[in-house]
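This report concerns only the one structure given below.
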Amino acid sequence: MRRAKNLVLIGLLFINIFSVSAFNDTPDYWRCLDKRGGEWTFGRAPNICNVDEFIDLPMVEKNFSESIFFDVSERSNERERYMEEVYALIKETAEYFIETKKPGVSADEKREFTHATFAIAHQESYWSHYRQALSGHTQYMRGDYGHGHGIMQVDDRWHFEAVTSGKASNIVFNMLYSLEEYYSAWKRAPSQSCVKSETNWVARSRAAYSAYNGGPSRICRFTNPNDKWARNDKGFYDKYRKKDWEKYISEKREIASVDVTCIAEGSENCVRTPQEPTPITYEEDMLYSLKSGPTCLYRDGRFECLESIEDKLCLISKFSPSMTSDIITALAEDVDEEIVKHDRHDICQSIPGLYSVGSKIKIQKNINLRETPGGKLLTTTKKGQVFTILDYTTDSIGIYNRYYKIKSGNSEGYIFAGTNKDYSSWTSEVSITTESINPILARKGDKIKTLVDMKLLDNEHNEIGLLSSDSIVEVISHKITGEENSVYYAIQSSGFSAIIYAGDLLPENTVQERIELVTNTVPTPHPEPEPKYGKLKSGIWYRSLRSCESNKCSRIMYVRGPVLGSYTFKIISKGTKWSLVEIKGKRGYLENKDISEI
Amino acid sequence: MRMKLTALIFFFTFVALFLINKSEELWSRDPHNEIHHFSHYQSNKNIDRTPASFDTSISQNLEEEIQKLKDCYSKICNFPNKDPRMHDLALGQKIKDKLFKLKEKALNEKSNPKYSEIAREYLKIEDGHVKEAALALMSTQPISSENFHSIVQDVLKYHDDALIEDAMMELERYQKLGHQEQITEALTESFQVASPMIKEKLAKGLFPFINEDTFNKYSEMAQNQNWNAKSVKILRSNLRRFERERM
């Protein structure tokens, strides 16, 4: 009897493990550290929890300092200041959103959509997001037993990824993410019987809210006063009509302190600086953004330029280290002056203590690894671990905060690595020979095998020949250049020497698709067995590389089959149904039936 | 009495374990090998409309179950309803589960237009989870112009960035089988009006679609965008990578 019970339990357990559910049964106040209360007034809705559970606190305090409600300040003045800033922030975000989704949108539609956005934010959170309680720690609003995150109340049970990725805790992304659903219903509403016309703005706004709040199929819910959730529709309409937020705003500002477009489009240094009028003559030691795109420092009558705005501090450090402002003036017209385009790798090395891309660093204290410098927390790197720098980025003029992109396991992300004063207490450069765990780049003397046909290049990168796939050559030196951190190797083999393009480190590492490092074989008493290699079987388009031995486990990446240009992968170990394999530096599981051993 | 009860429990337990093993077997069998049709598609880029035998035993039930569930979008069924969205989201999860089961079945059968029809129908549901499963079901079937249209309209132009990688992978099949022009048009059009999150995913997945014929189109697309946007940087990087790798 007991055994039978056990078998039933085992059976049930088995079913549970493999049940598919994207609903995350997060407990109330999940990851809500230092919970504090509030009141149902603008900016202070209950409750608040620590924001650094999901995103980097310095990033929040740098970009959104004006959007934080400070409890320590005199309440009514603080509310007015806060509301004026958040008004501008919501307005800019709503306008940016609808202009992106509907180029050429009419002024009327833009105004009405923005009005509806103000009302949603009121209904959901009383325009509450960031708040600093008397403790002095910046937190953010968590309603509905902690499940609703921030100004638009992104629910962690249904939008788990949006919460863990840090979108919900970033006030701009919180709104953009939520407006996607609202806009989807907004577009559909005019064709519904309860709205009928594109310009029936009130009904359109209400219908879109019903769908936003209750799901796409509930778009006409607001017309049914007996619906279980009619009170939500009434609440929204009440706020939409009364516009209570206006009572707290003396001056309706058009521009927020942070550049919404900059945040939305992926940057993290987006605090607005006073707009300089477009100059007729250019000022020495000033930064300009050329009409054609690059960011430049004007000095000695010419523009010294780098492609990416993210590298502006490199220009300052190299050409004018005493500059105290990194304001950029955007130029609307082409310039006649000389423009010199530099390689970031040549210029950025002027930043004190910044290690170059490709260097190996040792972690000096436990440091968080984040998807972006201020974004989603991936893992924590441990003191003593060694990594290769895949990229760097800097911020804060004068102190040069630096972040290195590294790969840890299957995760790639950024670690903070200190300022120009204390960088050595965060990471230190290590020599190539002392650490050689999972090398990403080949060094002098290493042997590499080409995985694809490659052009042989001269010093000016002119083509001088061809190196076929599966050739083994010796590396003489390496060089990393350009925006993609492209890796070039000087190589030699049986009497010839040349340069080959090995791949890029950005936006993703392609070196491992083109080159394989050939391990130096040192004779040992118990030699390791020859590694096995495999490919997906012919006939398979693609498969998912899984994080564990089941098709229900999360996907690490797609693996292409032969027709789509399959990769050869290393088979680490083979089980009864699944094999652990390594592809492009990532480890995961493929089913044996899909693998053809080479 | 106690002996009988024990025997009965054993019997049901073994039946349950047998069924579980059966369902595991479905995962492990060779999937439907659609590249057998590759030469057919190369010469005739139309849809495979060949009627195939359709095993009605499991999938008919599943299909009926899914259809019944779909009706719940227009009424309130027996799903949790503690907050305004809970009902429809829980319903979506249930449909997603069923669609994944149908995908398992489809993987072990010959291609069948019925599966594509179901996939298209459920790609229209405005729930990213349902769309994910519908797209997975679609990936078991040969390509078709209807399926292509559905991927573009109901995934690329939808607002869930988590689906873009799946859609781009699926579109690679269409690219390989000669539908490049339509893909270029669909991707450039989607890129113009997508949200920043979607744009970034589109740009990341674009490299397999860049070739000598499309390079200029995508270069033009990059020029008309915000230079400093992350998605546009990724797009420029992919274009330069193509130039560097060009043989």
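The values are calculated or read from the model by the stated rules, or taken from the named source; none is laboratory data. Predicted, not measured: the structure shown is a model, and the values here were computed from it. No Cβ is skipped: glycine too gets one built from the backbone with ideal geometry, and neighbour counts run over all protein chains shown.
Observations, loosely collected:
- Scope the stretch A:451-503; condition within 12 Å of chain B (Cβ to nearest Cβ) and of a type in the set (D, E); matching residues: A:D453, A:E463, A:E483, A:E484
Conditions tested, residue by residue: (1) at the interface with another protein chain (Cβ under 10 Å from one of its Cβ atoms); (2) of a type in the set (S, T, N, Q); (3) buried (at least 18 other Cβ atoms within 10 Å of the Cβ); (4) in a strand (DSSP E or B).
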residue: A:L517; (1), (2), (3), (4): no, no, yes, yes
residue: A:K535; (1), (2), (3), (4): no, no, yes, yes
residue: A:C553; (1), (2), (3), (4): no, no, no, no
residue: A:I571; (1), (2), (3), (4): no, no, yes, yes
residue: A:S579; (1), (2), (3), (4): no, yes, yes, yes
residue: A:E582; (1), (2), (3), (4): no, no, no, yes
residue: A:R587; (1), (2), (3), (4): no, no, no, yes
residue: A:K593; (1), (2), (3), (4): yes, no, no, no
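- Of all residues in the stretch B:230-247 being among the basic types (K, R) and within 29 Å of the chain's Cα centre (by Cα), the one that is nearest to the other protein chains (Cβ to nearest Cβ): B:K230
- Qualifying positions in the stretch A:552-570 - touching a residue at least 40 places away in the same chain (Cβ under 8 Å) and over 28 Å from A:E530 (Cβ atoms): A:K552
- Some residue of the stretch A:119-136 being small (G, A, S), surrounded by fewer than 22 Cβ atoms within 10 Å (Cβ to Cβ) and either in contact with a helix residue (DSSP H, G or I) (Cβ under 8 Å, 6 or more places away or on another chain) or within 11 Å of chain B (Cβ to nearest Cβ) (or both): no
- Residues within the stretch A:96-113 that are more than 27 Å from the chain's Cα centre (by Cα) and either hydroxyl-bearing (S, T, Y) or within 14 Å of chain B (Cβ to nearest Cβ) (or both), tallied: 3
- A:F319 among the aromatic types (F, W, Y) and out of contact with any helix residue (DSSP H, G or I) (no Cβ under 7 Å at 6 or more places or on another chain): yes
- One residue stands out in the stretch B:73-100 among those that are modelled with pLDDT of 90 or more, over 25 Å from A:S550 (Cα atoms) and more than 9 Å from chain A (Cβ to nearest Cβ): the one that is surrounded by the most Cβ atoms within 10 Å (Cβ to Cβ), namely B:F79.
- If you go through the stretch A:225-234 and keep only what is within 12 Å of chain B (Cβ to nearest Cβ) and over 35 Å from the mean Cα position of the chain (by Cα), you end up with A:D227, A:K228, A:W229, A:A230, A:R231.
- Answer residue from the stretch A:251-292, given it is in contact with a strand residue (DSSP E or B) (Cβ under 8 Å, 6 or more places away or on another chain) and small (G, A, S) and is modelled with the highest pLDDT among those: A:S257
- Residue list for the stretch A:372-397, restricted to those being in a loop (DSSP other than H, G, I, E, B) and either surrounded by 15 or more Cβ atoms within 10 Å (Cβ to Cβ) or basic (K, R) (or both): A:T372, A:P373, A:G374, A:G375, A:K376, A:K382, A:K383, A:Q385, A:I389, A:L390, A:S396, A:I397
- Residues located in the stretch A:165-191, provided they are away from chain B (no Cβ under 11 Å) and buried (at least 18 other Cβ atoms within 10 Å of the Cβ): A:G166, A:A168, A:S169, A:N170, A:I171, A:N174, A:M175, A:W186, A:A189
- Scanning the stretch A:461-502 for residues that are over 18 Å from A:S359 (Cβ atoms) and among the small types (G, A, S) turns up A:G465, A:S468, A:S469, A:S471, A:A490, A:S493, A:S494, A:G495, A:S497, A:A498.
- Helices (runs of 4 or more DSSP H) within the stretch B:122-229 that include 3 or more residues within 14 Å of chain A (Cβ to nearest Cβ): B:128-138, B:164-176, B:180-193, B:196-204, B:215-223
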